[in-house]
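What follows is one structure encoded as structure tokens, with my remarks underneath.
Where a number appears in this text, it was derived from the coordinates with a stated rule and is not lab data. Keep in mind that what you see is a predicted model, and the values were worked out from it rather than measured. No Cβ is skipped: glycine too gets one built from the backbone with ideal geometry, and neighbour counts run over all protein chains shown.
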Amino acid sequence: MMRSVGTLTRADLAETINRKLGFSRAESLDMVEAILDKMSNALADGENVKISGFGSFVLRDKNERVGRNPKTGIEVPITPRRVMTFRSSQLLKERIAKGD
């Protein structure tokens, strides 16, 4: 049975940039922050984010609908909202399936 062995963090990404590209730790962290800011701003502006070979962060607007409180069974309106999903690329799906 495969299981997760940890969590990749901003610091881990910065460390990889530092090691592979030779930028200082501060510069590497700034790059990670700049990329995440760019992605976050695009999503906040209603744009989808696609990273080829990795996947897409896709926005979807959900209309108001009726939900039900599972404890009481009482119907309550669920307000309209925008939700984000992640769709992995075929390449990433294959890598995950192999456990690379």
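Below are the figures for this structure:
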{"item": "Whether the stretch 48-100 is rounded, prolate or oblate, judged on the alpha carbon gyration tensor where a/c under 1.5 counts as rounded", "result": "oblate"}
{"item": "Neighbour cut-off at most 11 other Cβ (10 Å), DSSP loop, trypsin sites (Lys or Arg not before Pro), the stretch 30-100", "result": "K71"}
{"item": "Mean Cβ neighbour count within 10 Å, used as a protection proxy, ranking 22-28, 40-46 highest first", "result": "22-28, 40-46"}
{"item": "Surrounding net charge for R19, when Lys and Arg each add one and Asp and Glu each subtract one, Cβ distance under 14 Å", "result": "-1"}
{"item": "For R81, net neighbour charge (Lys/Arg +1, Asp/Glu -1) across residues whose Cβ lies under 13 Å away", "result": "+2"}
{"item": "Distance between the stretch 51-100 and the stretch 1-49 - C-alpha centres, whole angstrom", "result": "22 Å"}
{"item": "Rel. contact order, % - alpha carbon contacts under 8 angstrom, at least six apart, the chain", "result": "19 percent"}
{"item": "Percent RCO, i.e. relative contact order, over the stretch 52-100, from Cα pairs under 8 Å lying at least 6 residues apart", "result": "45 percent"}
{"item": "Calculated [θ] (222 nm, deg cm²/dmol) that DSSP helices of n ≥ 4 give over the chain, each run adding -39,500 (n - 2.57)", "result": "-13000 deg cm²/dmol"}
{"item": "Volume of the Cα convex hull of the chain, divided per residue and given in Å³", "result": "181 Å³"}
